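Participant: For reference, the structure I am asking about is given below.
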Amino acid sequence: MAEFTKITEQRVRHISGYEVYSAGRDYIGYKDACSTYKMYYEFGWDIPFEKGIMYIYINLIYDENLNLIILSDKDRQNLIEKVVKALTFMTNFRIVVTS
């Protein structure tokens, strides 16, 4: 059994129940039973490899109403790991986590 299920082209669900999805032009969404977050991201282009890059900004995490939130280092790292894992399943872009 696969770890993720593709719900739509822009939304996946992990077997544990959390979902990662495109939340508009500038945000990646994360939703589980208790929380909903949006993370700011941008696209770039890796010229030598001719491949897209997705930059995820770990210091720009918002709640569902786009209020900037502060997570503990442990919670932020856990969130980033889940989102990167899901995005790796969803897309062929290289994913770069940055501040």
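The values are calculated or read from the model by the stated rules, or taken from the named source; none is laboratory data. Bear in mind the structure is a predicted one, so any value in this text is a computation, not a measurement. Ideal geometry is used to build each Cβ from the backbone, glycine not excepted, and the neighbour counts take in all protein chains shown. Please note that ligands, DNA and RNA were not included when accessible areas were found on the heavy atoms of the full protein model with its side chains. Shrake-Rupley method; radii C 1.70, N 1.55, O 1.52, S 1.80 Å.
Participant: Hey, among Glu50, Glu19, Glu9, which residue is more than 21 Å from Arg76 (Cβ to Cβ) and in contact with a helix residue (DSSP H, G or I) (Cβ under 9 Å, 6 or more places away or on another chain)? Show your work before the answer.
Facilitator: Details: Glu50 fails: in contact with a helix residue (DSSP H, G or I) (Cβ under 9 Å, 6 or more places away or on another chain); Glu19 fails: more than 21 Å from Arg76 (Cβ to Cβ).
Going through Glu50, Glu19, Glu9 in turn, the sole match is Glu9.
A quick yes/no check of all residues on (1) part of a helix (DSSP H, G or I); (2) among the charged types (D, E, K, R); (3) modelled with pLDDT under 95:
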position: Ile53; (1), (2), (3): no, no, yes
position: Leu60; (1), (2), (3): no, no, yes
position: Leu66; (1), (2), (3): no, no, yes
position: Ile70; (1), (2), (3): no, no, yes
position: Arg76; (1), (2), (3): yes, yes, yes
position: Lys82; (1), (2), (3): yes, yes, no
position: Thr88; (1), (2), (3): yes, no, yes
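Participant: Consider the range 73-90. How many of its residues are out of contact with any Phe, Trp or Tyr (no Cβ under 9 Å at 6 or more places or on another chain), open to solvent by 60 Å² or more (accessible area, probe 1.4 Å) and not charged (D, E, K, R)?
Facilitator: First, the residues of the range 73-90 that are out of contact with any Phe, Trp or Tyr (no Cβ under 9 Å at 6 or more places or on another chain): 73-78, 80-81, 84, 88.
If we keep only those that are open to solvent by 60 Å² or more (accessible area, probe 1.4 Å) as well, we get 73-75, 77-78, 81, 88.
If we keep only those that are not charged (D, E, K, R) as well, we get 77-78, 88.
Result for the range 73-90: 3.
Participant: Out of everything in the range 36-48 that is touching a residue at least 40 places away in the same chain (Cβ under 8 Å) and open to solvent by 30 Å² or more (accessible area, probe 1.4 Å), what residue ends up being nearest to Asn65 (Cα to Cα)?
Facilitator: Ranking the candidates gives Tyr37 first.
Participant: I've got another one for you. Touching a residue at least 40 places away in the same chain (Cβ under 8 Å), out of contact with any Lys or Arg (no Cβ under 8 Å at 6 or more places or on another chain) and either surrounded by 12 or more Cβ atoms within 10 Å (Cβ to Cβ) or more than 13 Å from Val97 (Cα to Cα) (or both): which single residue out of Tyr18, Tyr55 fits that description? Write out each step before concluding.
Facilitator: Working: Tyr18 fails: out of contact with any Lys or Arg (no Cβ under 8 Å at 6 or more places or on another chain).
None of the other options fit; the residue is Tyr55.
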